[in-house]
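Trainee: Before I ask anything, here is the structure I am working with.
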Amino acid sequence: MAQSEVASFWRAAQLRDKLTIIIGLVYVLSPLDLIPEVILGPLGLLDDGGAILAVLLTLWRVQKRLQVQKRAVIEGEEVSHRRNM
C-alpha cells in the first residue's frame with residue numbers, strides 16, 4: 001500500500017474505528033490478558049482472538065467505506081465531464 005493510500009485510509013476511518021484499531025493492537029501485543037493462557041490453556045487465546053477479529057472487521061469496514069467514497073468521486077467526475085460535452 002502506498003503512503004498516500006495509507007493516509008487516505010486513515011482519513012476515511014472514523015474516531016471509533018481508529019480507537020478500535022489502536023486499542024486492539026496494543027491489547028494483542030501487551031503481555032497482560034483478561035483470560036491468561038497459563039490458567040486456561042487454549043481457552044486463554046479467546047480474548048486475543050476477539051481483539052484480532054475486532055481489528056480485522058474494523059479494517060474491512062473502513063476499506064469498504066473508502067471504496068464507496070472513491071467510487072462516488074469517480075462517478076461525480078464522470079457526471080461533470082459529461083455535462084461539459
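Trainee: Calculate I(q)/I(0) for region 1-80 by the Debye formula, one identical point scatterer on each C-alpha and no solvent, and give its log10 at q = 0.11, 0.18, 0.24, 0.25 Å⁻¹ to two decimals.
Mentor: -0.42, -0.79, -1.08, -1.12
Trainee: Can I ask one more? Only Cα pairs under 8 Å and at least 6 apart count here; give the relative contact order of the chain as a rounded whole percent.
Mentor: 32 percent
Trainee: Helix hunt in the chain: which complete DSSP H runs extend at least 30 Å axially by C-alpha with mean Kyte-Doolittle at least -1.0?
Mentor: Sorted by number, the helices that extend far enough and score high enough are 46-84.
Trainee: Give the accessible surface of the chain per residue, rounded to a whole number of Å², with probe radius 1.4 Å and ligands, DNA and RNA excluded.
Mentor: I get 78 Å² per residue for this part.
Trainee: Same structure again: So between residue 22 and residue 9, what do we pick up on full extension, going 0.36 nm a residue minus the alpha carbon distance?
Mentor: Values: separation 13, 0.36 × 13 = 4.68 nm, distance 1.44 nm.
Value of the extension gain: 3.2 nm.
Trainee: Can you give me the three principal axis dimensions of region 15-61 from its C-alpha atoms, in Å, biggest first?
Mentor: The Cα atoms of region 15-61 stretch 35, 16, 12 Å along their principal axes.
Trainee: Can I ask one more? What's the local net charge at residue 58, with K and R +1, D and E -1, over the other residues with C-beta under 10 Å away?
Mentor: On the way: positive: 16, 18, 61; negative: 17.
Surrounding charge for residue 58 is +2.
Trainee: Further question: Using a 1.4 Å probe on the protein chains only, how many percent of the accessible area of the chain belongs to carbon and sulfur?
Mentor: 69 percent
Trainee: Highest mean first, how do 12-21, 39-48 rank when packing is the count of other Cβ atoms within 10 Å averaged over residues?
Mentor: Result, highest mean Cβ count within 10 Å first: 12-21, 39-48.
Trainee: Excluding ligands and nucleic acids, what accessible area in Å² is computed for residue 55 using a 1.4 Å probe, to the nearest 10?
Mentor: The value for residue 55 is about 10 Å².
The values are calculated or read from the model by the stated rules, or taken from the named source; none is laboratory data. Just so we're clear, the structure is a prediction, and the values are computed from it rather than from any experiment. All Cβ positions, glycine included, derive from the backbone under ideal geometry; neighbour counts span all protein chains shown. All accessible areas refer to the heavy atoms of the entire protein, side chains included, with ligands and DNA or RNA removed. Shrake-Rupley method; radii C 1.70, N 1.55, O 1.52, S 1.80 Å.
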